[in-house]
Amino acid sequence: AQRVTQPEKLLSVFKGAPVELKCNYSYSGSPELFWYVQYSRQRLQLLLRHISRESIKGFTADLNKGETSFHLKKPFAQEEDSAMYYCALRHKAAGNKLTFGGGTRVLVKP
Amino acid sequence: GAVVSQHPSRVICKSGTSVKIECRSLDFQATTMFWYRQFPKQSLMLMATSNEGSKATYEQGVEKDKFLINHASLTLSTLTVTSAHPEDSSFYICSARAGGREETQYFGPGTRLLVL
């Protein structure tokens, strides 16, 4: 069965420090992975997807099929990055539904 | 970008009553809508997937007769919590996806349900 694991519930870093949010997955097919972000009192929104190989708001994520990981990284965290981050896996064969990880709360301190 | 709205944003009801939550895609046609439930400090759990004009597909453990889903048009899906009980109190979030090549799911702001 598909599963997405985010081992850290909370990451606290100082402004300007690097931040890395871990995400591991288990899936029998070819994975499609996403990172979603939820800022305080706002709705969930897409941050980036692995197929785009893009950098959004300074964040990047590389799919490592050997390690079944899709870690999210930013070299210099900003206070406005404080939010809840969810890693998600899309099941194409199951109606394109998303399976979410447990989420990681990032707190960037001044 | 695409916008998904939900109504109401919060609702308080008495135990035993039914509550209907609406989810609308405002500027695109959503062939597929998803309903999630989120408990405090927990992740989103998919409840069901609905495609326009067909019956919803429920996830394991979700009672079909308890959570009625209707997706009658390409811009509207409704979730009705029937005979609500305090344990149904939660944050309900809908998500909509357009058909074709558009793969992004857009999320609504959520509806907080409190059953007394």
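Which is surrounded by fewer than 16 Cβ atoms within 10 Å (Cβ to Cβ) and touching a residue at least 40 places away in the same chain (Cβ under 8 Å), of A:Ala83, A:Ala1, A:Ala93, A:Ala77? Outline the logic, then answer.
Numbers: A:Ala83 fails: surrounded by fewer than 16 Cβ atoms within 10 Å (Cβ to Cβ); A:Ala1 fails: touching a residue at least 40 places away in the same chain (Cβ under 8 Å); A:Ala77 fails: surrounded by fewer than 16 Cβ atoms within 10 Å (Cβ to Cβ).
One residue alone meets the criteria, A:Ala93.
What's the number of the condition B:Asn51 fails, among (1) over 14 Å from the mean Cα position of the chain (by Cα); (2) within 10 Å of chain A (Cβ to nearest Cβ)?
(1)
Would region B:4-18 turn up any residue that is of a type in the set (Lys, Arg) and touching a strand residue (DSSP E or B) at 6+ places or on another chain (Cβ under 8 Å)? I'd like the intermediate steps shown before the answer.
Step one: filter region B:4-18 for residues of a type in the set (Lys, Arg), giving B:10, B:14.
This time we only want the ones that are touching a strand residue (DSSP E or B) at 6+ places or on another chain (Cβ under 8 Å), so: B:10, B:14.
So far as region B:4-18 goes, yes, one or more of its residues are of a type in the set (Lys, Arg) and touching a strand residue (DSSP E or B) at 6+ places or on another chain (Cβ under 8 Å).
In region B:22-45, what count of residues is obtained for those that are surrounded by fewer than 24 Cβ atoms within 10 Å (Cβ to Cβ) and not hydroxyl-bearing (Ser, Thr, Tyr)?
Going through region B:22-45 one residue at a time, the tally reaches 13.
Among the strands (runs of 3 or more DSSP E) confined wholly to region A:1-86, which include 3 or more residues that are within 14 Å of another protein chain (Cβ to nearest Cβ)? Give the derivation first.
Numbers: elements: A:3-5, A:10-14, A:19-21, A:24-26, A:32-38, A:45-49, A:60-64, A:69-74.
Counting at least 3 such residues, we get A:3-5, A:32-38, A:45-49.
Give region B:1-25 a look and list any residue that's of a type in the set (A, V, I, L, M, F, W, C) and within 13 Å of another protein chain (Cβ to nearest Cβ), or say none.
So in region B:1-25, the residues of a type in the set (A, V, I, L, M, F, W, C) come out as B:2-4, B:11-13, B:19, B:21, B:23.
Listed by number, the residues that qualify are B:Ala2, B:Val3, B:Val4, B:Cys23.
Between B:Leu113, B:Leu74, which is of a type outside the set (S, T, N, Q), under 12 Å from B:Ile21 (Cβ atoms), more than 11 Å from every other protein chain (Cβ to nearest Cβ) and touching a strand residue (DSSP E or B) at 6+ places or on another chain (Cβ under 8 Å)?
Unique residue meeting the criteria: B:Leu113.
For region A:62-110, which residues satisfy the criterion of being among the polar types (S, T, N, Q), farther than 15 Å from A:Arg49 by Cβ and in contact with a Lys or Arg (Cβ under 9 Å, 6 or more places away or on another chain)? Break it down into steps so the answer makes sense when it comes.
Our first condition is that a residue be among the polar types (S, T, N, Q); within region A:62-110, this holds for A:64, A:68-69, A:78, A:82, A:96, A:99, A:104.
The next check asks that each one be farther than 15 Å from A:Arg49 by Cβ; those that pass are A:64, A:68-69, A:78, A:82, A:104.
Within region A:62-110, A:Ser69, A:Gln78, A:Ser82, A:Thr104 qualify.
Read the figures in this text as sums done on the coordinates, not as results from a lab. Worth saying up front: this structure is predicted, and the values here are computed from it rather than measured. All Cβ positions, glycine included, derive from the backbone under ideal geometry; neighbour counts span all protein chains shown.
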